[in-house]
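One structure is given here, and the rest of the page talks about it.
Just so you know, all these numbers are worked out from the coordinates, no wet-lab data involved. The structure presented is a predicted model; accordingly, all values stated were derived computationally and were not measured. Heads up, the Cβs are rebuilt from the backbone with ideal geometry, glycines too, and the neighbour counts pull from every protein chain shown.
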Amino acid sequence: MKKKNLFLTVGLFLTALMILLILVGYLWTPYSPMAMDATALGQRPSLVHLMGTDKFGRDIFSRVLKGAGATFFVAFGTVLIGTLVGTLVGALTGYFGGWVDEVLMRLNDALSAFPSFLLALVLISVLGPGRYHLMLALGIVFIPSYARIVRSEFARARSQNYVKSAQLMGASVPRILFVHILPNIWQVLLSAITIGFNNAVLSEAAMSYLNIGVSPDDASLGYMLSDSQTYLASAPWYAMCTGLMIVLLILGVGLIGEGLQRRQL
Amino acid sequence: MDDLVLEVKHLNSWYREVDERGRRRRHDVLFDVSFALHRGEILGLVGESGTGKTTLVKNILGLVSDHTGEIIHYTKRPQMIFQDPYSSLNPARTVGWILEEPLRIYGKYDAAERKRRVQEIVEKVGLPADCVTRRPHELSGGQRQRVSIGVALIQKPRLIIADEPVSALDVTIQRQILELMRSLRDEYALSFLFISHDLNVVYQLCDRVMVMKSGRIVEQNTVAELFAHPQEAYTKTLLAAAD
């Protein structure tokens, strides 16, 4: 039972490292990510500039730290919105069934019938750009998948006798849903959250890559990746370092998800 | 008759069904069921599976809306012990938490008082004191059924409905659980409605028995009388099958 879970260990280590970097990036960066240095345009990685500089002489390492923070922030918010609303919808539909189920799940189906990017694009164009709006748009896009996972778990739990027993104790519906049933589906929800987080990072990067949502001032990793494309030949380290940061961010959380799933077996 | 805890009068019950052609149908389950349960009495309910025993229980607990007739409760909150001790306890919580939960919901005792009462119940139902920190899957089937009885008991009920509470347990454990139920009846003057398909178990525990067939109660009598002089042909075949 207590076998070492390499996925979980490495994933936790990698994620902790990334979070540490992001926190450091919030408080301190080697250079100001906005400061242009005319004496150091398009430099290769060196000890002075760990990941080199872009064509305006901005330190890429500093920008990557800030950018990872922006990406992480949006991904975190997206997953938070998706999980909270999705869990609430899934819990209600799964537990009550009947017309509550019909109404909410048909809404859910309608929402997931849109291609997710299209839906996010529409929402952004309605809401306007900005990282909070991006977060909200992606969060709404993420709701259906969580709702569906949580719904099936609650529907399964509903017929269990421990739920009937809670009803006989006179427990209120919110108490049955979130104190009695929810702890039993943590495992499933947690691995769904890790997968969702990765999708959120990629979605944010993709949206920013298309210059939707995040403004140039708070450059996220996706925006930088799109920016770096122009200089792929002259400054390949720009694209590589940015891409590497995205990969590490996803890999860490992905390994945690994989590790959690293996622990269930 | 001031010592009644439950009275059922002319109960008919049915389910709404939709048949394979999509038409709505009424599927009748219980027909003119009447009985009374007295304080401190263990009333057995026997019958083959599919005769409506569980439907009767659901009716008594108020979970079926489609019925006619009267169900009169003379007690508050009847409690229930389920057949399968594996699914009736929340797998994500400790035994202590599960036992304490009814008191938390009741909301009138502070934490220390709740702990004290849980401890008292743990002793009363014959569980080891350290089980409160363990989860249900770490306990045996018999221990789990003791926890279920504890959960019911901590709510100080006057009536406990037990739906095949020992049929998932092996014979020696069965005897211990039956013994526990009997001693609780003696101590608290509890009433049990004890549902079983096992006539040997009913003979060991119950005061009176009702025999159910196809949604009707075909015979009810004291255990001694019914086992010695069964009146109905159906009861005779049940008894013959049990030997």
Q. For A:Q167 and B:E225, FRET efficiency with R0 = 41 Å and r from the beta-carbon atoms, rounded to 0.05?
A. 0.65
Q.
On C-alpha positions alone, give me the angle between the axis of helix A:98-113 and the longest principal axis of chain A, in degrees, nearest 10.
A. 20 degrees
Q) Name the chymotrypsin sites (Phe, Trp or Tyr not before Pro) in the range A:1-98 that are in a loop by DSSP and that have at most 14 other C-beta atoms within 10 Å, would you? A) A:W28, A:F56
Q | Helix axis angle, B:111-124 relative to chain B longest principal axis, alpha carbon, degrees | A | 60 degrees
Q) How far is helix A:60-96 tilted off the main Cα axis of chain A, in degrees rounded to 10, range 0 to 90? A) 10 degrees
Q.
Taking 8 Å as the Cα distance limit and 6 or more residues as the minimum spacing, I'd like the relative contact order of chain A as a percentage.
A. 29 percent
Q: Please report, in debye to the nearest 20, how large the charge dipole of the range A:13-124 is about its Cα centre when each Lys and Arg carries +1 at its beta carbon and each Asp and Glu carries -1 there.
A: 440 debye
(Q) Rounded to whole Å, give me the distance from the Cα center of the range A:90-162 to that of the range B:34-100. (A) 37 Å
**Q.** Principal axes of the protein assembly as shown: Cα extent on each, largest first, Å
**A.** 109, 55, 42
Q.
In whole Hz and in residue order, list the ³J(HN,Hα) couplings for the range A:219-226 that follow from phi through the Karplus curve 6.51 cos²θ - 1.76 cosθ + 1.60, θ = phi - 60°; x for Gly and Pro.
A. 5, 8, 4, x, 5, 5, 4, 5
Q. How would you order B:142-153, B:53-64, A:188-199 from highest to lowest mean count of nearby Cβ atoms within 10 Å?
A. B:142-153, A:188-199, B:53-64
Q.
If the elastic network links every pair of Cα atoms under 10 Å, which of B:R158, B:R21, B:R175 fluctuates the most in the Gaussian network model of chain B?
A. B:R21
